[in-house]
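The block underneath contains the structure these notes are about, expressed in structure tokens.
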Amino acid sequence: MSAQARRRVAILISGTGSNMEALLASMDPAADPEHPATPVLVLSNDPRAAGLAKAAARGVPALAVDHKPYRGDRAAFEAALDAALEEAGAELICLAGFMRILTPAFVARWQGRMLNIHPSLLPRHKGLRTHERALEAGDAEHGCTVHEVTAELDDGPILGQARTPILPGDTPDLLAARVRRLEHRLYPLVLRRFAAGDRTPVMLQDD
Ligand code: GRF
């Protein structure tokens with residue numbers, strides 16, 4: 001696919017960036033010449049995020065917009081995000097471990113063009129500590145979800161889920177590691193479909 005025809009993707013992170021790396025690897029033209037998307041920017045709200053150096057090492061523009069100077073003024077922080085996204089010509093956003101709550105105004109601007117990955121089988125276990133909560137609830141299975149971002153936290157149309165059974169002896173760390181591996185498979189599959197205009201959910205099972 002020609003570079004002009006590809007959807008331009010920005011990935012927003014706050015930390016390690018392992019999902020970001022999986023997404024970048026999947027869009028590498030050497031791996032998938034027909035991929036309908038291309039990464040144009042990796043953006044972090046934390047200048048110390050390890051993912052920034054990983055993105056730069058792959059030749060993807062990587063930028064920090066530190067939220068701290070904007071404390072108390074989310075709109076100004078998001079205006080700075082928007083400026084960077086516009087400068088990069090981003091058309092789609094993938095949230096990948098981005099730990100700032102976005103305002104309804106920002107979400108509305110990107111509605112239908114912004115994805116998130118969450119480490120649970122939504123609508124179960126929105127929010128934090130999802131692995132602990134799945135174990136405490138006695139769930140039979142756990143996993144991750146990619147969804148479109150709407151004004152409600154960890155809500156919005158589901159674009160894909162990957163499931164793993166909860167096994168006797170599982171701990172939050174064991175579950176987290178299994179779910180993380182599933183995330184790295186699921187998010188690239190969903191992005192590839194979504195960028196081609198296909199919103200049919202991707203359903204994966206741990207093997
Ligand atoms: C992932 O578990 C993702 O589901 C959640 O934040 C974590 C990001 O991890 N939203 P990484 O930075 O991609 O390694």
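In whole angstrom, note down how far apart the Cα centers of the range 89-125 and the range 136-206 are. Using only Cα atoms to place each centre, the spacing works out to 14 Å.
Counting neighbouring beta carbons within 10 Å and listing from fewest to most, the residues Y70, Y187 come out as Y70, Y187. Axis of helix 172-195 versus longest Cα principal axis of the chain: the two differ by about 50°, to the nearest ten degrees. Exposure proxy for K126, K54: other Cβ atoms within 10 Å of each Cβ, ordered fewest to most, give K126, K54. With the convex hull drawn over the C-alpha atoms of the chain, the volume per residue is 121 Å³.
Close amide-amide hydrogen proximity is noted between G160 and V146, V202, each under 5 Å apart and 5 or more residues distant or on a separate chain (H modeled in the peptide plane; Pro and chain starts excluded). Altogether, the Stokes-Einstein calculation at 20 °C and 1.002 mPa s, with the Kirkwood radius of the range 33-72 over Cα pairs as Rh, returns a diffusion coefficient of 189 µm²/s. Only Cα pairs under 8 Å and 6+ residues apart enter the sum, and on that basis the relative contact order of the range 1-110 stands at 35 percent.
Angle of helix 74-88 to the longest C-alpha principal axis of the chain, folded into 0 to 90 degrees and rounded to 10: 70°.
Counting beta carbons within 10 Å around each of E91, E152, E78, E132 and listing the fewest first gives the order E152, E132, E91, E78.
Within the shell defined by Cβ-Cβ distances under 11 Å, the residues around P47 carry a net charge of 0, with Lys and Arg each +1 and Asp and Glu each -1.
Rounded to the nearest 500, the 222 nm mean residue ellipticity of the chain from helices alone is -10500 deg cm²/dmol, with -39,500 (n - 2.57) taken per DSSP H run of at least 4 residues.
Bear in mind that the values in this text are calculations on the coordinates, not laboratory data. Quick caveat: nothing in here was measured; it's all calculated off a predicted structure. With ideal geometry, Cβ positions are generated from the backbone for all residues, glycine too; neighbour counts draw on all protein chains shown.
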